[in-house]
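What follows is a single structure, written as structure tokens, with notes after it.
The values are calculated or read from the model by the stated rules, or taken from the named source; none is laboratory data. Model, not experiment: these values are computed from the prediction. Counting neighbours? That spans all protein chains shown, and the Cβs are built from the backbone with ideal geometry, glycine included.
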Amino acid sequence: MKRNIFPSSAQQLTPQKSIPYQQLAIIYNQVMRHVNYPQWARYITAVIHKQGVPGKHFLDIGCGTGEFIFQMGKLGFQVDGCDPSPSMLKIAQSKNPTNKFWLDQLPELRHTPAQHYAAITCLYDTINYLESISILQQAIQRVYELLLPEGLFIFDVVSEEFCKNYFHEVNDKEVINSKYAYVRKSYYRQPQSEQVNHFTIYTPEGIFEETHIQKIFPFPVIQQVISQHTAFEILEIYDDFTFFPMNTNSDRAHFILKK
């Protein structure tokens, strides 16, 4: 018989605010089990091979629990990772014990070694957590400074239509096991161009609430920022997991930049 997942004391039943990905990290892989990480790894590998990046050692910014890095390892790559969440990094390190991980985040990347990587990735909407165009510009230029000469920066962002179509007024919940459950409420804030995902997470230690906010930047605006305000050359902007150019109907755009 399964134990009740809900805490018993009144204090534990009062939701506690948590910073993003502190509590969610524990159940993140279950919540995100629909993500096809092998597909992500194959696609990024194809992009790297197409552009002729030397070597198989690179960095993933916003690496989360390290599942992408794990899949890249299967393809023969050695990928280091950084993330602003200690909870996520702990899981990433346990999953990839021979890889290097450290606490860091955009736009500063204070602890990331410079001139060390020929390729840097920032995937699965990580760029969308930057709060403004000016911070986006700072982040992209900072990656430029860290890359080796001729290095490649690969990142992706989602469109406003994608958020409206799939994540506006969407609620879901799941009892994961006898210890953990969650409720997620998602909606799109049109005036602010923000995708909001609010989690209520039930654990043996209590109930926690996390609010995740993603800023949705129009693809042409990002393109303009890169062209006019950073030193990068834009090689390609691909439509969702293809080698076709990004278009007005693209749900996701993959930006391929060269130093």
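Residue by residue through the range 68-116, note down the ones that are part of a helix (DSSP H, G or I) and hydrophobic (A, V, I, L, M, F, W, C).
If the condition is that a residue be part of a helix (DSSP H, G or I) and hydrophobic (A, V, I, L, M, F, W, C), then 68, 69, 70, 72, 88, 89, 91, 92 are the ones that fit.
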Scan the range 230-259 residue by residue and report those that are of a type in the set (Val, Ile, Thr) and part of a strand (DSSP E or B). 234, 237, 256
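Going through 199, 208 one at a time, which residue ends up being closer than 12 Å to residue 31 by Cβ, buried (at least 18 other Cβ atoms within 10 Å of the Cβ) and outside the structural domain of residue 121 (by TED's automatic domain parsing)?
Result: 199 is the single residue among 199, 208 that is closer than 12 Å to residue 31 by Cβ, buried (at least 18 other Cβ atoms within 10 Å of the Cβ) and outside the structural domain of residue 121 (by TED's automatic domain parsing).
Return the residues of the range 211-239 that are farther than 21 Å from residue 132 by Cα and touching a Ser or Thr at 6+ places or on another chain (Cβ under 6 Å); say none if nothing qualifies.
Residue satisfying the conditions is 239 alone.
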Do you know which residues across the range 211-235 are within 20 Å of residue 147 (Cα to Cα) and crowded, with 17+ Cβ neighbours inside 10 Å? 222, 225, 226, 230, 232
Here are some residues: 27, 44, 48, 5. Which one is surrounded by 13 or more Cβ atoms within 10 Å (Cβ to Cβ), over 22 Å from residue 140 (Cβ atoms), at pLDDT 95 or above and in contact with a strand residue (DSSP E or B) (Cβ under 7 Å, 6 or more places away or on another chain)? 27
Checking the conditions here, which among 243, 167, 208, 232 is hydrophobic (A, V, I, L, M, F, W, C) and under 20 Å from the mean Cα position of the chain (by Cα)? 167
Looking only at the range 214-259, which residues are of a type in the set (D, E, K, R) and more than 15 Å from residue 140 (Cα to Cα)? 215, 236, 239, 240, 251, 252
